[in-house]
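Read through the structure below, which is laid out as structure tokens, and then see the notes.
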Amino acid sequence: MKASTTALVVQPGEAAGASLTDGAFELLADGGAVSASRLTLAAGADGAPPHHHKLSHELFYVLDGTMLFRLGGTLTTVGKGGLVVIPPNLPHVFGAAEGQVADVVVVLSPGIERFGYFEQLAAISRGEAEFASLLPEQHRYDVHFEDIPDWRSASLR
């Protein structure tokens, strides 16, 4: 693999975006060494469905508000300035904490071209598509869905 000799610079307002029912998504970098995005969530809103990545580490940096994560069987709250790094194959799910908004930068490394995934996820959140439409795309986007009902509960049943 040839190393890039060109820096990526994304100026404010240049990122592609997708609106969610309870937030917004900006794609800052898609594929290559990293995929990076910024996600804003309304108070108590869920992020992506429960999943794991087989290839990528996923990093979350909380810019503002408070996030709730289920990392495997552990629930943890992370506030402004907090960092979470999730290794491949660890089931996880996240969202804004109850009564809290969240603004977070998300980085996957290595990066995978995933903007199509986020567009589809946004359409699902707005009721324009069914969740089942993402199931055939799990390998393409390295987002492998997990069955974690009531993930915000302190104990998994």
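Size of the range 23-145: Rg and Dmax of its alpha carbons, in Å, are 13.4, 36.
Packing-based ranking of 22-32, 94-104 yields 94-104, 22-32, ordered from highest to lowest mean Cβ neighbour count within 10 Å.
THR6 contributes an accessible area of around 110 Å² to the protein surface, as traced by a 1.4 Å probe with all chains present.
Computed from Cα atoms, the angle from the helix 115-125 axis to the main principal axis of the chain rounds to 30 degrees.
With +1 on each Lys and Arg Cβ and -1 on each Asp and Glu Cβ, and nothing else charged, work out how big the dipole of the chain is about its Cα centre, in Debye to the nearest 20.
Taking the Cα centre of the chain as origin, the dipole is about 400 debye.
Using the Karplus relation 6.51 cos²θ - 1.76 cosθ + 1.60 with θ = phi - 60°, the per-residue 3J(HN,Hα) values for the range 46-53 come to 7, x, 5, x, x, 6, 9, 10 Hz, with x marking Gly and Pro.
Given an 8 Å cut-off on Cα distances and at least 6 residues of separation, report the relative contact order of the chain as a percent.
28
Solvent exposure of the range 2-157, expressed per residue, is 52 Å² of accessible area, with all protein chains present and a 1.4 angstrom probe. The P(r) of the range 1-43 has a tail past 15 Å containing 50 percent of all C-alpha pairs.
The values are calculated or read from the model by the stated rules, or taken from the named source; none is laboratory data. Since the model is a prediction, treat every value here as computed from it, not as a measurement. In this analysis, Cβ positions are derived from the backbone assuming ideal geometry, glycine residues included, and neighbour counts consider all displayed protein chains. We work out accessible area using only protein heavy atoms, side chains counted, and drop any ligands, DNA or RNA first. Shrake-Rupley method; radii C 1.70, N 1.55, O 1.52, S 1.80 Å.
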